[in-house]
Ligand SMILES: [Fe+2]
């Protein structure tokens, strides 16, 4: 067992975070990384299934369930959900509301914050962490059960008060990290590069943003088909990474701002048409 796992002896329901070591094998991680080297090597043009640069330091893969062929991301997602269900029966009825493959390079730490979405579960798998431990995830255990309100970021004082509860997720590649994103979390500085897969789960009919899951017949195995309801999350609009599918963010700051306004205007028109 990994040192960090033993040290904290974490339980998801009590601590808001838990680990599963070796969730993806070394070989699977290697094959996936080889494929991701290819997918991240070119930008998505007119919706092609390649890299979308969200900003100077962060890229995602356009529609990863369709782009990635070395592993079946829907099967992996169902395995993650099965892990989650071991912690509480309430997760049986949860749906998947997002699948993302993300690459971060040189950037400052992500400050301590809460997503403030009660009941939301995030599952992260490290695919590539360099020797500099770039972007190691951090969590304050038990902070998902707090009895005080924090808008988004934590003050210096609040961080000090909870310092003893900090879990540095310095775990090997292939480890599954389940966490309640209502709890306080952040990320260490990225001195080099890191790659992760992120799955998000929410209760059915959640009011928080959700993303549709692109499906291909290639990945609809018998197991996926008999669990299809996990992916039928009710998303009707393109949100988050989905909205970039044919309109990726501009690298030029002025064009990026114009693009944001355009997307906002389009979403307003879409919502007024659907009334
Ligand atoms: Fe967050």
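The values are calculated or read from the model by the stated rules, or taken from the named source; none is laboratory data. Source: prediction; values computed, not measured. No Cβ is skipped: glycine too gets one built from the backbone with ideal geometry, and neighbour counts run over all protein chains shown.
Which residues, counting only those in the range 70-101, are within 16 Å of the ligand (Cβ to nearest atom) and either crowded, with 21+ Cβ neighbours inside 10 Å or not assigned by TED's automatic domain parsing to the domain that holds residue 211 (or both)? Walk me through how you get there before you give the answer.
If we filter the range 70-101 for residues that are within 16 Å of the ligand (Cβ to nearest atom), which is where we start, we get 97-98, 100.
Within the range 70-101, 97, 98 meet the criteria.
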One residue is enough: does the range 50-59 have a residue meeting the conditions in contact with a helix residue (DSSP H, G or I) (Cβ under 8 Å, 6 or more places away or on another chain), at pLDDT 90 or above and at positive phi? no
Restricting to the range 146-187, name every residue that is within 14 Å of the ligand (Cβ to nearest atom) and either outside any strand (DSSP E or B) or over 17 Å from the mean Cα position of the chain (by Cα) (or both). 150, 151, 152, 153, 154, 169, 181, 182, 183, 184
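Condition test on residue 65, is it surrounded by 14 or more Cβ atoms within 10 Å (Cβ to Cβ) and in a strand (DSSP E or B)? Reasoning before the result, please.
Details: surrounded by 14 or more Cβ atoms within 10 Å (Cβ to Cβ): yes; in a strand (DSSP E or B): no.
The answer is no for residue 65.
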Out of all the residues in the range 93-108, is one or more under 30 Å from residue 226 (Cα atoms) and more than 17 Å from the chain's Cα centre (by Cα)? yes
Return yes when residue 138 is surrounded by fewer than 21 Cβ atoms within 10 Å (Cβ to Cβ), part of a strand (DSSP E or B) and assigned by TED's automatic domain parsing to the domain that holds residue 37 and no when it is not. yes
Starting from residues that are away from the ligand (no atom under 15 Å from the Cβ) and modelled with pLDDT under 90, keep the ones in the range 109-133 and report whichever is surrounded by the fewest Cβ atoms within 10 Å (Cβ to Cβ). 131
Residue tally, condition assigned to a helix (DSSP H, G or I) and either surrounded by 12 or more Cβ atoms within 10 Å (Cβ to Cβ) or modelled with pLDDT under 70 (or both), over the range 229-252: 6
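Each row is one residue, and each column tells you yes or no for (1) part of a helix (DSSP H, G or I); (2) modelled with pLDDT of 95 or more; (3) in contact with a strand residue (DSSP E or B) (Cβ under 7 Å, 6 or more places away or on another chain); (4) outside the structural domain of residue 156 (by TED's automatic domain parsing).
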{"position": "207", "(1), (2), (3), (4)": "no, no, no, no"}
{"position": "211", "(1), (2), (3), (4)": "no, no, yes, no"}
{"position": "214", "(1), (2), (3), (4)": "no, no, no, no"}
{"position": "255", "(1), (2), (3), (4)": "yes, no, no, yes"}
{"position": "261", "(1), (2), (3), (4)": "yes, no, no, yes"}
{"position": "268", "(1), (2), (3), (4)": "yes, no, no, yes"}
{"position": "272", "(1), (2), (3), (4)": "yes, no, no, yes"}
I'm told residue 200 meets every condition in (1) modelled with pLDDT of 95 or more; (2) surrounded by fewer than 19 Cβ atoms within 10 Å (Cβ to Cβ) except one. Can you identify the failing condition by its number? (2)
